[in-house]
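The values are calculated or read from the model by the stated rules, or taken from the named source; none is laboratory data. Fair warning: this is a prediction, and the values are worked out from it, not measured in the lab. Note that each Cβ is placed from the backbone with ideal geometry, even for glycine, and that neighbours are counted across all protein chains shown. Each accessible area value is taken on the protein alone, full model and side chains, heavy atoms only, with ligands, DNA and RNA left out. Shrake-Rupley method; radii C 1.70, N 1.55, O 1.52, S 1.80 Å.
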Amino acid sequence: MKVVAYAKDPDAVGRGLEHFSLRKKLLSEISKRLKYGKAIKLLEIGCGRGILLAQLRKKFPKLELHGLNLNKYHGVRTRQDFKINAAEKNIIFNRREELPYICFGDATRLPFGDSNFDIIISQVTFLHVKNKARAIGEVYRVLEPKGVGLIILGPYAIRREKGNSMPIFFR
């Protein structure tokens, strides 16, 4: 069986918190929920190498973290892989319960029950999802009623040019 590399640069698979453009909103949301003493269950769709999850675990030890990849060729395969990848970023985990749960599945058919997560994030996965509407529907399905989904839907950013009332899209 021939295995095609997922990315030429392994560091490109599973970007960290510093690359997540919605990080301020994410950190604010986590802090706000923790302030009220709420246990937080977070899912990263397309967790890649698990770097963002490792950084979140280090910053917020009480989070219950879950990572989803499409298959075993897309980043972490096991909790042990996660531990090794985190160590490459100088994040050390000594206890098994510190490691996130890792599973495999499709963003358009999430393998979780309804109303299961408080926060769902995704950095680059939705760029590759053909049926984004169905995937967003799945995010909505597995979010708790007052949950938050922070999803990057495409490669476009928005900026305003002086004098224009409509945003200009660019890559």
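The label-point distance for PHE60 and ASP114, in a model that sets each label 7 Å from Cα toward Cβ, rounds to 2.6 nm.
Probe radius 1.4 Å, ligands and nucleic acids ignored: give me the carbon and sulfur share of the accessible area of the range 44-148 as a rounded percent.
51
For the range 19-145, the square roots a ≥ b ≥ c of the C-alpha gyration tensor eigenvalues yield an a/c of 1.5 or more together with a/b not exceeding b/c, which makes the shape oblate.
Structure note, pairs LYS58/LYS83; LYS38/LYS89; LYS89/LYS146; LYS83/LYS132; LYS25/LYS130; LYS59/LYS83: Cα-Cα distances above 21 angstrom occur for LYS38/LYS89; LYS89/LYS146; LYS83/LYS132; LYS25/LYS130.
Between GLU18 and LYS32, the modelled label-to-label distance comes to 2.7 nm, taking each label 7 Å out from Cα in the direction of the beta carbon.
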